[in-house]
1. Can you name the condition, by its number, that residue 125 falls short on among (1) under 27 Å from residue 73 (Cβ atoms); (2) within 13 Å of the chain's Cα centre (by Cα)?
2. So which of 134, 148, 143 ends up being hydroxyl-bearing (Ser, Thr, Tyr), more than 24 Å from residue 41 (Cβ to Cβ) and under 16 Å from the mean Cα position of the chain (by Cα)?
3. Could you list, ordered by first residue, the pairs with Cβ atoms under 9 Å in which the first is in the stretch 35-52 and within 17 Å of residue 121 (Cα to Cα) and outside the structural domain of residue 24 (by TED's automatic domain parsing) and the second is acidic (Asp, Glu) and at pLDDT below 95, at least 6 apart or interchain?
4. Considering only residues that are surrounded by fewer than 13 Cβ atoms within 10 Å (Cβ to Cβ) and hydrophobic (A, V, I, L, M, F, W, C), look in the stretch 2-20 and name the one that is nearest to the chain's Cα centre (by Cα).
5. Report whether or not residue 53 is assigned to a helix (DSSP H, G or I), closer than 17 Å to residue 7 by Cβ and out of contact with any Gly (no Cβ under 8 Å at 6 or more places or on another chain).
Amino acid sequence: MHTDDKALIEAFQAGDDFAFVSLYNRYKGPIFTYCLKMLLDRDLAQDVMQETFLRIYENRDRLLNTHSFRAWTFTIARNQCLNQFRMANKQVHLDEDYAATLPQTAALSQEATLEKSEQVEFVNHFLGQLKPEYREVLILREYQNLTYDEIAAVTRSTLSAVKSRLFKARRKLAAFMEPVLRRERQRLVSARPS
């Protein structure tokens, strides 16, 4: 939490709309990123982010502790994402051969198998294959830097459940990625000049 968040949150609770705008500007990026990685749809993520802040604005009297604002905000975003999953019964299916979509240039450097943007796309593809409960703990921990305690508060879980889910999520993500990475390494080795 930023040092002046407490003052902004207190002003917002007291009815100061400018404080809300400041909080919105400060938290909209992380909330949008979370929604995008959960929902895998930019327009839907934008809508859910807006709905999240609308609910925050309408329910400011329910925030009891200013120190929990970040967790409270992510909890509302999480609930909105879960509502979208329920409404759309969203299922993302694993692409059978994702390796076919990777760049096929033989000129890739030996040190790096994928460019930065391709790495992000690659990880996001497989992140989307995880169950939502695994995906959310990875996003909250690795992308939003929430503490284990904050993640437990957001997901309404125990600390041990969060740690267990995070361990399983990392292991599952590695299992998804490993065959593609192995094929890419083999391709690079075979492309090396003799």
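1. Status for residue 125: all satisfied but (1).
2. Checking each option against the conditions leaves just 148.
3. none
4. Per the stated criteria, the residue is 18.
5. no
The values are calculated or read from the model by the stated rules, or taken from the named source; none is laboratory data. This one's a predicted model, so the numbers in the text were calculated from it and none came from an experiment. Heads up, the Cβs are rebuilt from the backbone with ideal geometry, glycines too, and the neighbour counts pull from every protein chain shown.
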